[in-house]
Structure formats: C-alpha cells, structure tokens
C-alpha cells in the first residue's frame, strides 16, 4: 500500500500552490471556480482526505453546526417536508465552508437547554442553528451565557440573530387571495400561541381583513397543534356553526386535517369552502384537491441560517435579521375557477 496522499500532492497534480489548494478545499474565497474544480478533481483522483482531527486541534474548532429542533417528534415528523428542505439548504452552506450539520431533537425547551449545555461543555459544536423559537425560549439564556455563535430560524421574542419567513406578509397574502375571490367569512386555523410564526401569520390575516374593510371575528380563529388529527378535531367541532366560505390554515399539515373534517361534515372543497395554507411540500402538491399554498423557500432559510452562523464563528461581521418573502402557489383547493357573488 502506498503512502497517504498529502495536500502537497493535490496541489502538484492540480498545478497550483499549496496555499491555493488549501483555500479551494476549505471553501475559502479568493479562488476561481475553475481552479477550485481542478483542485477538487485532483483530490478525488488521489483519494485525498484532510486530517480533520489535526485540523480541528490546530484552530480549536469542530467544524460542526448543531441544528436544534425544540419540538416533539410527532411535530417533527408531521413537518418532515419543511425540515428536509431546511436541512438541505444548511448542508449546502456548510459544505461550501468545510462544515457539517448535526441534528439534535429536543421535545421541550428544558431538553433543548440540556442539549445545548452538554454540547457547549463537550465542545461538540462550534455554533447552533435553532428552529421554532417559542415565547419561553429558556435556552436563550444558555446561549448568551456561554457566548457561543447561534442563529434562530424563526423570530425569537428577545433580541437575537435570526432568519425567518416574512410571516406577517405571508398571512396577509394568503387571506387577501381568498378575499380577492369573493370570500368574506374566512376562518383561520392557527397554531399554538407559543410559536411566534403562528402569531405573525394570524396578524397578517387580521391585516388583510382590515385592508378589505372586513370585521375581525375572534370566533373564526380556531387553534390546534400542528398535527393533522388535532386540526381535524378542531375544524369538525367548529365548522357547522361557523357559516364560512373559506379557511386559511397556517400549515399544510393542518390544511390536510381540516379538509378531511370538512368532507366528513358534508362540505365540498373548494365548491363549498375554499382552503389556502402555508408550506409548499409534496403533501400540498399531491393531496386531493392539490392545495393552494404559500411557498416558504425553506432551503434558502436553511442556507442563510448556516451561512450566518458560520460567519459569526469565523469572526466575520454579524448581519441583521433577514426576512425571506413567501410566494403564492395557486392550485385547486382555493376554487379560483368558481365565481362567487357576495361570498
């Protein structure tokens, strides 16, 4: 067996300086795309693998980002489409900079505190991306106390770095679409108050009603956990007395449960009740009827969150919070082809 190839061998095969090869292999700026491709090709041909342990000892880094998801397993699997795209974006940004992403599930805020404390003390990660911030967010104190880099995906209640969907605008966009097609009695199937994105989408719903001169009715705000069966139960309980013509669900999983309940109560979607939701996943595309929804671009959320936390780790300038706009995707569930009079 021959000797293990070194970075000098990679540089020689690619026809570049060792310093250039190092920059290319570590995803650093200052190297053209053509040169980077040559270096990566040479590394593959030589079966070169950097000595990660030695590299980490040299600068005290693990080159690992911890993704903390402080939600129950039931919620995590129900939102699998969202997390798959989020992690894909994070992986892309991490790979560009020579980092990896590790997922840690915490079924409560207390468990998130324990995970974060353990990972910090063991030096298991260089920084965190944390999803689904709640109004309690007990783990925020741990992050600030240990001064470790972190970025939230979602708006935290305290001042902290974050990347989020523009949830107020998303709620307003979805509701306005229904209003524009003649609906005046629109229920909103909202998630738990503890999640900031649920509050923000509800605020957007209220703003759309106000802009259209429609009266807000608290009786049309229905709340459920972000799981299908709970959404089914809540809609089935309320819909017969509500006299609505449309429903805005703040998540795709809730929309599926809602439509099942509407059908079981004798309503046709969209002929009797139109439905719009948020999250553009395989679930929304292949459900019957296909769901009109707001695309969140979760891959970009993940990419920006990982890019920003790596920037903090590497002592680059910290950036302001970023809101990513949603995009309305019109399908059959809103019934746009139906012309209504009066709603």
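The values are calculated or read from the model by the stated rules, or taken from the named source; none is laboratory data. Because the structure is a prediction, the values reported are computed rather than measured. Ideal geometry is used to build each Cβ from the backbone, glycine not excepted, and the neighbour counts take in all protein chains shown.
Sort out which residues of region 272-289 are over 15 Å from residue 239 (Cα atoms) and out of contact with any strand residue (DSSP E or B) (no Cβ under 8 Å at 6 or more places or on another chain), and write them in order of number.
Answer for region 272-289, where residues must be over 15 Å from residue 239 (Cα atoms) and out of contact with any strand residue (DSSP E or B) (no Cβ under 8 Å at 6 or more places or on another chain): 281, 282, 283, 285, 286, 287, 288, 289.
Which numbered condition in (1) under 21 Å from residue 300 (Cα atoms); (2) in the same structural domain as residue 242 (by TED's automatic domain parsing); (3) free of Cβ contacts under 8 Å to residues at least 40 places away in the same chain is the only one that residue 160 fails?
(2)
Looking only at region 141-172, count how many residues are under 18 Å from residue 64 (Cβ atoms), within 19 Å of the chain's Cα centre (by Cα) and part of a helix (DSSP H, G or I).
0
Could you go through region 194-210 and let me know if any residue there is part of a helix (DSSP H, G or I), surrounded by fewer than 22 Cβ atoms within 10 Å (Cβ to Cβ), touching a helix residue (DSSP H, G or I) at 6+ places or on another chain (Cβ under 8 Å) and outside the structural domain of residue 269 (by TED's automatic domain parsing).
no
Give region 173-193 a look and list any residue that's out of contact with any helix residue (DSSP H, G or I) (no Cβ under 8 Å at 6 or more places or on another chain) and either part of a helix (DSSP H, G or I) or in the same structural domain as residue 154 (by TED's automatic domain parsing) (or both), or say none. Walk me through how you get there before you give the answer.
Filtering region 173-193 for residues out of contact with any helix residue (DSSP H, G or I) (no Cβ under 8 Å at 6 or more places or on another chain) gives 180, 182-184.
Result: 180, single match.
If residue 182 satisfies every condition in (1) farther than 23 Å from residue 136 by Cβ; (2) surrounded by fewer than 21 Cβ atoms within 10 Å (Cβ to Cβ); (3) in contact with a strand residue (DSSP E or B) (Cβ under 7 Å, 6 or more places away or on another chain) but one, which is the exception?
Of (1) farther than 23 Å from residue 136 by Cβ; (2) surrounded by fewer than 21 Cβ atoms within 10 Å (Cβ to Cβ); (3) in contact with a strand residue (DSSP E or B) (Cβ under 7 Å, 6 or more places away or on another chain), only one is false for residue 182: (3).
With respect to residue 250, determine if the residue is buried (at least 19 other Cβ atoms within 10 Å of the Cβ), modelled with pLDDT of 95 or more and under 21 Å from the mean Cα position of the chain (by Cα). Outline the logic, then answer.
Values: buried (at least 19 other Cβ atoms within 10 Å of the Cβ): yes; modelled with pLDDT of 95 or more: yes; under 21 Å from the mean Cα position of the chain (by Cα): yes.
So residue 250 fits the description; yes.
Can you find even one residue in region 195-212 that is farther than 18 Å from residue 327 by Cα, in contact (Cβ under 8 Å) with a residue 12 or more places away in the chain and within 18 Å of the chain's Cα centre (by Cα)?
yes
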